[in-house]
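First up is the structure itself, then whatever we jot down about it.
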Amino acid sequence: MNESASIAPDRRPEIAPLFLFRWEDTQSSYVLLYPEGVVKLNDSAGEILKRCDGEHTVAAVIAELQQTFAEPPERVATGVHRFLEVSYAKGWIRDRA
Amino acid sequence: MPKDGSAIALDGQGRPLWLVLELTYRCPLKCVWCNNPLDFDRYASKELSTDEWKDVLRQARSLGSLQLGFSGGEPMLRDDLEELVEFANGLGFYTNLITSGIGLNEDRLQALKRAGLKQIQLSLQSADRKLTNELVGTRAHDLKIDVARRIKAAGFPMVLNVPVVRQNIEQVDRILALAEEIGVDYLELANIQYYNWALLNREALLPSRAQIELAEQKVQAARARLGKRMTIYFVIPDYYEGRPKACMNGWGTIHLTIAPDGAALPCQEVRVIDGLEFPTVREHSLEWLWNESPLFRKFRGDEWMKSPCSGCSEKSTDFGGCRCQAFLLTGDAANCDPACSKSPHHSVITEAIAAASASIDRPLVHRLAGAAEPAELTP
């Protein structure tokens, strides 16, 4: 993936107001709940969205996850960018106002 | 209301992710497509108490239910709605209110907000007063518009649900504009499904294929114009699809409805099927009802399927369609849904379309106690 086409590192994404993000014991995973819908998140998606709190910059999200996951740092960065792009496109997250 | 086109995209792994509580069948409206039973008035004296509903909520949450719809009838007619919302919210449900708006005054709206209600789905039947009032059988239009604005002012995410029928389908542009002006988050233009009162009125309600195509074009244009500002669902009627809807994502897979009398149902319409028993939460645990009861096991999976479904490559996509529709239109709930062009009974659908297009002026039957006998619906 081309880094230059990715999301600017100083953006601070947060969960969009239509969505509720939380841990769900019965699914052993993080979920996104919204009117009439549920999205079950895999581990890495959950870890990324957990940090979309309007405080973390994209760079900070990546830096923390590079500590958390055993993957090569470059792959973690690419994965975060890719997932954030999807999340912005789906309206799950927005930039902090 | 969970339905074909609903956005749950999650394998429930055997859990009833979506719980709908039909708190009451009582309702101030008399909609001509009401999906409540034709003999809805027989249930009024059997409604579960507040404590019984709380027990249902507790049990369902431990079974893994996540999404919760408070529905009816009109759920605002229950004075304990706020109490139940607060209780459910405390258990961790995502709480949805599905309402006609009647009874949702400012005090109760604010009380529901405080109770932790997450979103409101409001029904609206057309873009103009006269038609709305005609379809619901009472003066409701202005009140609904007022409620819609107050729901947004109170900061709730909002779904505006418009049941689409021949009478309002040509208003799609005006409905889109109205929804945009109100600022709804999700607009659901749902071609109605034909059960109960809707089936009784089918000849007068079913739109033509040309009307549906035109409406769909307008929806596409609006989607392009509005982008993420408003999500528009357009649920097309299975009569014109050639393939059945994946009803309830499969029988007993993720959807659990509790009827006003406590009956645990795989879908809200299922009591139209003769010969099934509908045990209630008054006699059984929810765990038994969901996992073990003969009702939920009846059409779970695909063992029950007959030809052509049993050998069909699409059976894991649409699960053979809707059991209620199969029963109502072919007389056997285990038959392929006749909305499927592969069904040997598909002609009942094409004949219904022909009959509808030939009967422009058939009078509508409004939902009223005693206005219809169940026998009228048996083919």
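The values are calculated or read from the model by the stated rules, or taken from the named source; none is laboratory data. Being a predicted model, the structure only gives us computed values, none of them experimental. Glycine also receives a Cβ, built like all others from the backbone with ideal geometry; neighbour counts cover every protein chain displayed. Just so you know, the surface numbers come from the protein's heavy atoms only, side chains and all, with ligands and any DNA or RNA stripped out. Shrake-Rupley method; radii C 1.70, N 1.55, O 1.52, S 1.80 Å.
For the reader, a short list of remarks on this structure follows.
- Relative contact order (%) - the range A:12-95, alpha-carbon pairs under 8 angstrom, separation at least six: 35
- Residues of the range B:140-163 that bury at least 10 Å² of accessible area when the other protein chains are present, relative to the chain alone (probe 1.4 Å, heavy atoms, ligands and nucleic acids excluded): B:PRO157, B:VAL159.
- Interface of A with B. Using a 1.4 Å probe and counting protein heavy atoms only, the two chains hide about 1900 Å² of accessible surface, both sides summed.
- Listing of the range B:69-95 residues, each with accessible area lower by at least 40 Å² in the full protein assembly than in the chain alone (probe 1.4 Å): B:TYR94
- Computed E for B:ARG58/B:LEU226 - FRET, C-beta separation, R0 41 angstrom, nearest 0.05: 0.50
- Residues in chain B average 38 Å² of solvent-accessible surface per residue, probe 1.4 Å, ligands and nucleic acids excluded.
- Among B:LYS152, B:LYS46, B:LYS315: highest mean-square fluctuation, GNM of chain B, C-alpha pairs under 10 Å: B:LYS46
- The range A:12-95, accessible surface, carbon-and-sulfur percent (1.4 angstrom probe): 52
- Helical content of chain B, expressed as a calculated mean residue ellipticity at 222 nm, amounts to -9500 deg cm²/dmol (DSSP H runs of 4 or more residues, -39,500 (n - 2.57) each, divided by residue number, nearest 500).
- For the peptide A:24-35, the mean number of other protein chain Cβ atoms found within 10 angstrom of a residue's Cβ is 5.
- Rounded accessible area per residue of the range A:12-95, 1.4 Å, Å²: 45
- Förster radius 60 Å - calculated FRET efficiency between A:ALA60 and B:ASP361 (Cβ-Cβ, nearest 0.05): 0.35
- Dividing the mean sequence gap of close Cα pairs (under 8 Å, 6+ apart) by how many residues chain B holds gives a relative contact order of 21 percent.
- Note on B:ASP173 and B:GLN211: their simple-model spin labels are 1.7 nm apart, each label 7 Å out from Cα toward Cβ.
- In the range A:36-79, burial by the other protein chains removes 30 Å² or more of accessible area from A:GLU36, A:VAL38, A:LYS40, compared with the chain on its own (1.4 Å probe, ligands and nucleic acids ignored).
- Computed over the range B:256-312, the quotient of the alpha carbon radius of gyration and 2.2 N^0.38 Å is 1.23.
- Point-to-point label distance, B:THR317-A:ALA8, nm (Cα→Cβ direction, 7 Å offset): 4.4
- In this simple spin-label model, placing a label point 7 Å from the Cα along the Cα-to-Cβ direction at both A:ASP25 and A:ARG96 gives a separation of 3.1 nm.
- Largest GNM mean-square fluctuation across B:SER45, B:SER341, B:SER310, computed for chain B with C-alpha springs under 10 Å, falls on B:SER45.
- Expressed as a whole percent, the accessible area of the range B:234-367 that falls on carbon and sulfur atoms is 50 (1.4 Å probe).
- Full-stretch length increase - B:LEU368, B:THR138 - with 0.36 nm per residue and alpha-carbon distance subtracted: 81.6 nm
- Nearest-10 value in Å² for the accessible area of A:ASP25, using the 1.4 Å probe: 120
- Accessible-area rank, largest first, for B:ASP79, B:ASP142: B:ASP79, B:ASP142, with all protein chains present and a 1.4 angstrom probe.
- The candidates B:THR99, A:THR68, arranged from most to least accessible area with a 1.4 Å probe in the full protein assembly, appear as A:THR68, B:THR99.
- GNM top mover of B:GLY72, B:GLY242, B:GLY311 - chain B, alpha-carbon springs below 10 Å: B:GLY311
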